[in-house]
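Q: Below you will find the structure I want to go over with you.
The values are calculated or read from the model by the stated rules, or taken from the named source; none is laboratory data. The structure presented is a predicted model; accordingly, all values stated were derived computationally and were not measured. Here Cβ is always computed from backbone atoms with ideal geometry, including for glycine, and neighbour counts include all displayed protein chains.
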Amino acid sequence: MRKKLLSSLLLAPCLACAQPSYPFVVKGRIGRLDAPAKVYLMYGARVDSAWLRNGKFELKGTTDLPFPAELVLERQGKRRDKLHGEGAYFKSPDRTTVMLEPGPVVITSSDSLRNAHITGGSLTADYQQLHTIEDAIFSKPKTAPQEQLQAYIQAKKAFIKANPSSWMSLYVLWQLNQVEQPQYAEVAPLYEAFSSALRNSEPGRRYGELLQGLQATQVRAPVPAGDLTGTPAPAFTQPTPDGQPVSLVNYCGKYVLIDFWASWCGPCRKENPALLQAYNIYHGRNFEILGVSLDDEKSRTKWVKAIADDHLPWTQVSDLRGWKNQAALLYGVQAIPQNFLVDPMGNIVAIDLHGEKLQTTLAQFIE
């Protein structure tokens, strides 16, 4: 699966800042458990905890916006969620999702969080409605995975349309970035229908910035070879590993594939042989690739090493700001690998070209 910028709001504390404070209470009873049994509440970058006394527990706090959080039960007390090696993460299995919202959220279970009954306010009700819809979609064994995915996407969008004032709708709109590349024409109307409270929140404003990038890079219609009428590609300048500034305007008069990637992105590295093959075929035919890395200062050495290890002969640039890379923000990049094909007139004529699609599309444009 492609690496995501916002894999989940549960893991995105940057989306929970500079907001009014919302008090919350999460309490309940899990059988008759006593210490050392403990529950952990994880939200944003914070972790709260409480011992169980005769099965009962209570957690209080404030959150910057109504927010999904994970509640984890550890019968021996010690929190076991842990990163094991690169990309491997152990998640303690007895857990559930709760919504941090004004008013108490109550957990009731005879044995575990996985089997708990949860009651709360409107956000909890919205979450449970979505969970029921998802269960109905993915519980049909004879349905093809792609059909299930499309049903899932359509159900989420239908929920957003029906609930434009729900915080859950904003959460779900971000969540959809995990399963499909957002298209401006589809997601902009959903966002514009949101209440002002949602649009003006921190995650709402960030999604508005994403839309600006999507609008600036959308391909309005298929563009055949010789018909140079695409979307103007946003200009940017960034340094190479040795500090030399390179601008997109340097590629005027050529087809250039702007490739967003990173050294730590497994799917990107797997994509590099296909890029190299396309480069070798079309490089002598007015075609270039410009690599833009979403590495940061800490991974600079790994970025340079990945260029050498993958034998990438084309120019590579990065401002080493990670997901805050200015070119990535301009282009509305939400997942990598991602790329944009720019024609000799500086227009974006195709996006998201991977595998065979890359070769097929280049053949259509380049003689």
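Q: From the list PRO234, PRO222, which residue is modelled with pLDDT under 95, within 20 Å of GLN181 (Cβ to Cβ) and touching a helix residue (DSSP H, G or I) at 6+ places or on another chain (Cβ under 6 Å)?
A: Values: PRO222 fails: touching a helix residue (DSSP H, G or I) at 6+ places or on another chain (Cβ under 6 Å).
Of the residues listed, the single one that is modelled with pLDDT under 95, within 20 Å of GLN181 (Cβ to Cβ) and touching a helix residue (DSSP H, G or I) at 6+ places or on another chain (Cβ under 6 Å) is PRO234.
Residues are listed down the side, and each one gets a yes or a no for (1) among the acidic types (Asp, Glu); (2) within 21 Å of the chain's Cα centre (by Cα); (3) farther than 19 Å from LEU329 by Cα:
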| residue | (1), (2), (3) |
| --- | --- |
| LYS140 | no, no, yes |
| PRO145 | no, yes, yes |
| MET168 | no, yes, yes |
| GLY208 | no, yes, no |
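Q: Looking only at strands (runs of 3 or more DSSP E) that lie completely in the stretch 19-136, which have at least 2 residues being closer than 25 Å to ARG205 by Cα and out of contact with any His (no Cβ under 9 Å at 6 or more places or on another chain)?
A: Details: elements: 22-30, 38-43, 46-51, 56-63, 67-74, 95-100, 104-109, 117-119.
Where strands (runs of 3 or more DSSP E) fall fully within the stretch 19-136 and carry at least 2 residues being closer than 25 Å to ARG205 by Cα and out of contact with any His (no Cβ under 9 Å at 6 or more places or on another chain), they are 22-30, 38-43, 56-63, 67-74, 95-100.
Q: Pick from the stretch 41-60 the residues that are small (Gly, Ala, Ser) and under 18 Å from ASP111 (Cα atoms): which of them is nearest to the chain's Cα centre (by Cα)?
A: For the stretch 41-60, the residue satisfying everything is ALA50.
Q: Does the stretch 42-66 hold any residues that are touching a Gly at 6+ places or on another chain (Cβ under 7 Å) and under 20 Å from THR124 (Cβ atoms), and which are they?
A: Taking the stretch 42-66 and keeping what is touching a Gly at 6+ places or on another chain (Cβ under 7 Å), we get 48, 55, 57.
ASP48, PHE57 - these are the residues of the stretch 42-66 that are touching a Gly at 6+ places or on another chain (Cβ under 7 Å) and under 20 Å from THR124 (Cβ atoms).
Q: For residues that are among the acidic types (Asp, Glu) and in contact with a strand residue (DSSP E or B) (Cβ under 9 Å, 6 or more places away or on another chain), scanning just the stretch 296-343, find the one that is nearest to LEU214 (Cα to Cα). Before you say what the answer is, go through the steps one by one.
A: Initial filter on the stretch 296-343 (among the acidic types (Asp, Glu)): 296-297, 309-310, 319, 343.
Right, trim to in contact with a strand residue (DSSP E or B) (Cβ under 9 Å, 6 or more places away or on another chain) and you get 296-297, 319, 343.
Values: ASP296: 23, GLU297: 27, ASP319: 21, ASP343: 18 Å.
Among residues in the stretch 296-343 that are among the acidic types (Asp, Glu) and in contact with a strand residue (DSSP E or B) (Cβ under 9 Å, 6 or more places away or on another chain), the one nearest to LEU214 (Cα to Cα) is ASP343.
Q: Restricting the first residue to the stretch 192-212 and requiring it to be at pLDDT 95 or above, which pairs with a second residue that is aliphatic (A, V, I, L, M) meet a Cβ separation below 6 Å and a spacing of at least six or different chains?
A: none
Q: Only one of GLN150, GLN154, GLN129 is surrounded by fewer than 12 Cβ atoms within 10 Å (Cβ to Cβ) and either outside the structural domain of ILE30 (by TED's automatic domain parsing) or of a type outside the set (Val, Ile, Thr) (or both); which? Give the derivation first.
A: Details: GLN150 fails: surrounded by fewer than 12 Cβ atoms within 10 Å (Cβ to Cβ); GLN129 fails: surrounded by fewer than 12 Cβ atoms within 10 Å (Cβ to Cβ).
Just one listed residue meets the conditions, GLN154.
Q: Identify, please: which residue in the stretch 183-206 is assigned to a loop (DSSP other than H, G, I, E, B) and surrounded by fewer than 20 Cβ atoms within 10 Å (Cβ to Cβ) and is, among those, nearest to the chain's Cα centre (by Cα)? First the steps, then the outcome.
A: First pass over the stretch 183-206, keeping only residues assigned to a loop (DSSP other than H, G, I, E, B): 183, 193-195, 201.
Going one step further and asking which of them are surrounded by fewer than 20 Cβ atoms within 10 Å (Cβ to Cβ), we end up with 183, 193, 195.
Details: GLN183: 14, ALA193: 22, SER195: 23 Å.
The residue in question is GLN183.
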